[in-house]
Amino acid sequence: MLARRTSSFGSSGTAAARAAARQAAHSRQEVIDLTAGEIWSELAPTIREGAINAINNGVNRYTDTLGMMELREALARKVSFDTGQTWRADEIAATTGAKQALFNATMVLLNPGDEVIIPCPYWTTFSAQVVIAGGKPVFVDTRSNAYVPRIQDIAAALTEKTRAIVVNTPANPSGAVYDFDTLTAIAHLAINRDLWVIFDECYANFVYGHHVHHPIVSVVPEVRSRTIIVNGFSKSLALTGWRIGYLAAPKEVVDAVRALQSHTTSNPNVIAQHAVLAHLERGDGRHESKLGLQLASSRQIGLGILYSLRRIPAPRAQGGIYFYLDLSKLRPAFKNGQASADDVVTSLLADAGVAAVSGTAFGDPLGLRLSYGIPPEQLQTGLTRLVDVLNSWK
């Protein structure tokens, strides 16, 4: 029973592509992997030093379930700076990655049958965790509005069972950045309809051009009492494997998270906690700036190549680390119009040696996600091959 239930949730959307990529790696051309939701980078010196110092000092015991008080205080200062509001340590929970923060949020907020509004395309974990918690995901399509939900569409999807709205900006997979007016409207809707906002801002450090990331609690301070902010260091410091994240929320929510987390993972990895604490205390922002410049450069390289696609509009890639392609105009040119993104992914792997993630993982059978967090030379090679193959279809 457990195996069947687990399989129905799917994975991050990359498992099948990665397996196929490994299988194809033995062919005559190297496979370029554009599936990974992580950034190619060295460690920040402060992270390395913090971890080494903790190990050398024999750190190996439990901390508080929600993380060391020193870390939670440092995180409270960070969230205070990011939002322009004052946050206390008892409103912060350190977690085993942002994914656990999201899991905690759904588990403490939802009762069986509660509905959660999720803009589509969506990161697959959002819907899976709602189902795990006994809730029902309700999807709001965003394709016709540049992947940003219209407030009237969200309002139309509300029922008496609606409990929360997921807001992910910059968005995975689409790269859309929610504008000030959209966030304002969502916040007021949540207040007026007594809803929670689960605000995932894991890609907040990476926005491009004239776009700006706005924390929703900064846009409408009154929504703070019904908002759970989710963030982490997997993206902002390229620490995916270290599994360290956090949430910021009203104290009563954090207290409930403590009770839950004590029976799941207990405290986050203690060495990772010390490493992040060292960075928060001594980091000067240079590593974050370096990552931002690296991604901005890779984004420009990628867009320069993708603009030559003939039937597929170039992605906006307003924020985050992904290009998201709309394949709807390509569909008639491939397999008599019967193809989905899954078929495109299979063909790209076979014909171009490029691994990508099908939009079906994100509730969108006509989307394709490509990561530009990989080394630039690999990105250029992979996208050039991809464009050549897609442009060859008649």
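The values are calculated or read from the model by the stated rules, or taken from the named source; none is laboratory data. This one's a predicted model, so the numbers in the text were calculated from it and none came from an experiment. All Cβ positions, even for glycine, are placed from backbone atoms using ideal geometry, and neighbour counts span all protein chains on display. Remember, those area values only see protein heavy atoms, side chains included, never the ligands or the DNA or RNA. Shrake-Rupley method; radii C 1.70, N 1.55, O 1.52, S 1.80 Å.
Here are the numbers for the structure shown:
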read-out	value
Qualifying residues in the range 351-371 (those that are open to solvent by less than 30 Å² (accessible area, probe 1.4 Å) and assigned to a helix (DSSP H, G or I)) - the one farthest from LEU325 (Cα to Cα)	ALA352
Extreme residue, farthest from GLU288 (Cα to Cα), among residues of the range 37-52 that are open to solvent by 20 Å² or more (accessible area, probe 1.4 Å) and in a loop (DSSP other than H, G, I, E, B)	GLY37
Hits in the range 111-145 - residues which are open to solvent by less than 20 Å² (accessible area, probe 1.4 Å) and not in a strand (DSSP E or B)	PRO121, THR124, THR125, PHE126, SER127, ALA128, GLN129, VAL130, ALA133, GLY135, THR142
Residue count for the range 374-389, restricted to those that are closer than 20 Å to LYS235 by Cα and either open to solvent by less than 60 Å² (accessible area, probe 1.4 Å) or over 25 Å from the mean Cα position of the chain (by Cα) (or both)	4
Tally, over the range 53-109, of residues that are part of a loop (DSSP other than H, G, I, E, B), in contact (Cβ under 8 Å) with a residue 40 or more places away in the chain and small (Gly, Ala, Ser)	2
Positions within the range 320-350 being open to solvent by 20 Å² or more (accessible area, probe 1.4 Å), outside any helix (DSSP H, G or I) and at pLDDT 95 or above, in sequence order	ASP326
Boolean, VAL148 is free of Cβ contacts under 8 Å to residues at least 60 places away in the same chain and open to solvent by less than 10 Å² (accessible area, probe 1.4 Å)	no
